[in-house]
Amino acid sequence: MFPIDLRSDTVTRPTDAMREAMARAEVGDDVYGEDPTVNRLQEKAAELLGKQAALLVPSGTMGNQASIHPFVRPGDVILGGENAHILLYESGAPAALSGVQVETLGNGGLFDADDVRAAIHPSDAHYSPTRMVCLENTHNRAGGRVFPLEQIKGIAEAAREHELHLHLDGARLFNAVVATGIPASTWAEPFDTVTFCLSKGLGAPVGSIVCGSTDVIWEVHRARKRFGGGMRQAGILAAAGIYALDHHVERLAEDHAHTRRLADGLVEIGYTVDPMPETNMVMFNVQDTKGFIRATRERDLWIDPMGKGQFRAVTHLDVSADDIEAALDRLADVMKKEIR
Ligand code: TLP
């Protein structure tokens with residue numbers, strides 16, 4: 001049996017053509033701002049997202065945290081959707097690195113303008129100031145759901161009314177772009193800072209981008225330095241990013257089609273899929289977590305749990321239509337053994 005890895009879209013390996021682009025990259029010392037390939041990637045990303053400036057950072061986590069750090073003071077509150085990556089999967093970084101408290105909004109990751117207005121603390125010495133709203137699109141723990149644009153516009157209005165910084169964790173923003181046909185710049189427009197990852201569905205080995213106004217990115221740049229994220233001849237990585245943006249965006253539609261097929265197959269086999277997928281991941285329920293992990297690993301099928309009784313399967317560049325059929329055969333076999 002050959003391995004099929006559906007744990008995350010982070011597991012992809014650079015293609016030969018991407019490696020070729022990396023090997024040929026012109027480089028310089030990016031801490032001096034002298035790496036031409038990094039500069040080219042940053043200009044390209046800023047233009048794609050309709051922002052004045054962009055900054056390459058080593059990871060989505062650093063992109064998020066460097067987008068929070070300059071715009072808050074210790075004791076401030078930042079608001080985020082339930083189960084947001086920033087709050088759940090970044091090792092407590094908002095508290096540890098920026099000293100902020102986090103309050104969650106809405107249900108399952110999505111929220112609206114009323115949730116924001118209701119959460120803002122009054123201007124009273126008892127309360128810590130509410131400073132920032134963070135939103136995730138697509139939302140990971142919500143099964144790759146696309147955050148509705150009209151809802152985002154309402155949230156942005158509420159944020160502006162109260163002078164809150166608005167940040168988008170767009171680790172998988174291009175999945176939302178491809179799923180909806182709405183350009184990245186439209187999704188990015190309401191936000192002060194936007195991150196997106198090159199190292200997920202886009203298939204680059206390393207790297208994320210933060211976009212914003214020139215002034216905002218100047219502050220994020222300082223935070224990147226403070227967090228130890230200044231890189232030197234990073235053009236080798238930036239070349240992979242440029243290649244990914246040129247060649248791996250439209251193909252995300254294939255991942256979305258594979259996920260839909262996987263979801264339909266899971267339902268046919270008898271698993272409960274919830275919600276049905278909108279992009280490149282599908283969440284389904286399994287009671288026997290340990291048994292399911294053992295049985296799938298025995299069949300060289302890699303799928304991880306995400307929360308109690310829930311598994312997440314993610315499609316990506318290294319998963320073909322045939323792999324999906326093979327994965328479904330293996331899952332049907334697992335179900336036959338009464339592991340559900
Ligand atoms: N998410 C990973 C795990 O950390 C859960 C994954 O496999 O999905 N924002 C979002 C929405 C993410 O899903 C992730 C990674 C990040 C930020 C962080 O990116 P990295 O791993 O580059 O720090």
Sparse-neighbourhood loop hits (GluC sites (Glu not before Pro), the stretch 289-338; DSSP loop; Cβ within 10 Å at most 11 others) -> 338
Candidates 66, 84, 96, ranked by Gaussian network fluctuation over the chain, Cα under 10 Å, top entry
96
Quote the charge dipole size of the stretch 58-131 about the Cα centre in Debye, to the nearest 20; the model charges only the Cβ of Lys and Arg (+1) and of Asp and Glu (-1).
260
Connecting C-alpha atoms closer than 10 Å in a GNM of the chain, tell me which of 247, 69, 139 has the biggest fluctuation.
247
Just read off the accessible area of residue 10 with the full protein assembly in place, 1.4 Å probe, to the nearest 10 Å².
70
With +1 assigned to the C-beta of every Lys and Arg and -1 to the C-beta of every Asp and Glu, and no other charges, what is the dipole magnitude of the stretch 264-306 about the Cα centre in debye, to the nearest 20?
260
When all alpha-carbon pairs of the chain are counted, what percent fall beyond 34 Å?
26
Hey, got the dipole for the stretch 190-234? About the Cα centre, +1 on K and R Cβ, -1 on D and E Cβ, debye to the nearest 20?
280
In the full protein assembly as shown, how much of residue 8 is accessible to a 1.4 Å probe, in Å² to the nearest 10?
10
Across the chain, how many lysine pairs separated by 8 or more positions, or lying on different chains, have Cα atoms within less than 28 Å?
15
How would the stretch 251-336 be classified by its alpha-carbon gyration tensor: rounded, prolate or oblate, with rounded meaning a/c under 1.5 and the a/b versus b/c comparison settling the rest?
prolate
Helix-derived [θ] at 222 nm for the chain: sum -39500 (n - 2.57) over DSSP H runs of at least 4, divide by residue count, nearest 500?
-12500 deg cm²/dmol
Pick out, in residue order, every one of the trypsin sites (Lys or Arg not before Pro) in the stretch 214-286 that is DSSP loop and has at most 15 other C-beta atoms within 10 Å; say none if there are none.
232, 251
Need one word for the stretch 92-147: rounded, prolate or oblate. Basis is the Cα gyration tensor (sqrt eigenvalues a ≥ b ≥ c); a/c below 1.5 gives rounded, then a/b vs b/c decides.
oblate
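The values are calculated or read from the model by the stated rules, or taken from the named source; none is laboratory data. Being a predicted model, the structure only gives us computed values, none of them experimental. Reconstructed Cβ throughout: ideal geometry from the backbone, glycine too, with neighbour counts over all protein chains shown. The accessibility values were calculated without ligands, DNA or RNA, using every heavy atom of the protein model including side chains. Shrake-Rupley method; radii C 1.70, N 1.55, O 1.52, S 1.80 Å.
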